[in-house]
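Report on the following structure.
The values are calculated or read from the model by the stated rules, or taken from the named source; none is laboratory data. Owing to the predicted nature of the structure, the values given are computational and were not obtained by experimental measurement. Note that each Cβ is placed from the backbone with ideal geometry, even for glycine, and that neighbours are counted across all protein chains shown. Surface accessibility is based on the protein's heavy atoms, side chains included, excluding ligands, DNA and RNA. Shrake-Rupley method; radii C 1.70, N 1.55, O 1.52, S 1.80 Å.
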Amino acid sequence: MDIIEIMRASPVMPVIVLNDIVHAVPLARALVTGGIRVLEVTMRTPVALDCMRAIRDELPEAIVGAGTIKNPADLDAAIKAGAQFGVSPGTTPALLAAIAESRLPFLPGTMTPSNVMAVVDAGFHAMKLFPAQQAGGIGMLKALGSVFAETHFCPTGGITAATAADYLALPNVTCVGGSWLAPSAMIEAGDWQSISQLAEEAARLKVR
Ligand code: 3PG
């Protein structure tokens, strides 16, 4: 799958932070059961790579990506752990070059028109907008859309169940990202049923 197909596979990409490997597969299963099969496991905890491997082994229907990739070494580790796509909060020239060389489907992080131009120049037409709400939210995406009409965005950061639909109604928003589908309290409590319910609601959101 290319990155656009991955974005189109789910209106919402859950941003997942896992502190304990025992939660990885039950969480992923709860999300997939609810209809969300694109999963971004962030590389923010020591167990993230093992969690990604476990989900890939147990749930072949999931599309498992690595998030919070900040440099070429993170990218390399994510690929070795079997990541099917990658997401970064921002970019550096070194990271962009490594992503292009790896050919891993990828959403490079952007927040300004200059970032968008650098990422497009490097050959990417899909990217994350981060932190989306703080960067100007809907108004920012409309403004970017008028100059970068061909660019697909996955806004992430500050988006909620209540605001996701407004983002998804924009022509340049192909999916949104957010942590609200995998709240840490529900993960710690093993409340997989509530997580499946959140996923069901998110899976029903319409993309323009
Ligand atoms: C991210 O990790 O991309 C964002 O921090 C997710 O933001 P949210 O917690 O506001 O959804």
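Please specify each residue of the range 92-111 satisfying the condition of being over 15 Å from the mean Cα position of the chain (by Cα), among the hydroxyl-bearing types (Ser, Thr, Tyr) and open to solvent by less than 50 Å² (accessible area, probe 1.4 Å).
Across the range 92-111, the qualifying residue is only 102.
Restricting the first residue to the range 130-141 and requiring it to be more than 18 Å from residue 107 (Cα to Cα), which pairs with a second residue that is modelled with pLDDT of 95 or more meet a Cβ separation below 7 Å and a spacing of at least six or different chains?
What qualifies is 134/157; 134/158; 138/166; 138/167; 138/170.
Which condition breaks for residue 12 when tested against (1) under 27 Å from residue 197 (Cβ atoms); (2) open to solvent by 20 Å² or more (accessible area, probe 1.4 Å)?
In the conditions (1) under 27 Å from residue 197 (Cβ atoms); (2) open to solvent by 20 Å² or more (accessible area, probe 1.4 Å), residue 12 misses (2) alone.
Checking the conditions here, which among 30, 48, 62 is more than 15 Å from residue 85 (Cβ to Cβ), crowded, with 19+ Cβ neighbours inside 10 Å and hydrophobic (A, V, I, L, M, F, W, C)?
Testing whether each residue is more than 15 Å from residue 85 (Cβ to Cβ), crowded, with 19+ Cβ neighbours inside 10 Å and hydrophobic (A, V, I, L, M, F, W, C) leaves just 30.
So in the range 160-185, with the set limited to residues that are open to solvent by 10 Å² or more (accessible area, probe 1.4 Å) and within 9 Å of the ligand (Cβ to nearest atom), which one is nearest to residue 199 (Cα to Cα)?
Here the answer is 180.
So how many residues does the range 74-100 have that are part of a strand (DSSP E or B) and either among the acidic types (Asp, Glu) or over 18 Å from residue 115 (Cβ atoms) (or both)?
Adding up the residues that qualify gives 1.
State whether one or more residues within the range 117-129 are buried (at least 21 other Cβ atoms within 10 Å of the Cβ), charged (D, E, K, R) and within 20 Å of the chain's Cα centre (by Cα).
Yes, there is a match, as at least one residue in the range 117-129 is buried (at least 21 other Cβ atoms within 10 Å of the Cβ), charged (D, E, K, R) and within 20 Å of the chain's Cα centre (by Cα).
Would you mind telling me which numbered condition in (1) within 16 Å of the ligand (Cβ to nearest atom); (2) surrounded by fewer than 15 Cβ atoms within 10 Å (Cβ to Cβ) residue 140 fails?
Among (1) within 16 Å of the ligand (Cβ to nearest atom); (2) surrounded by fewer than 15 Cβ atoms within 10 Å (Cβ to Cβ), the lone unmet condition for residue 140 is (2).
On the given criteria, is residue 203 under 20 Å from residue 36 (Cα atoms) and open to solvent by less than 50 Å² (accessible area, probe 1.4 Å)?
When the stated conditions are applied, residue 203 passes them.
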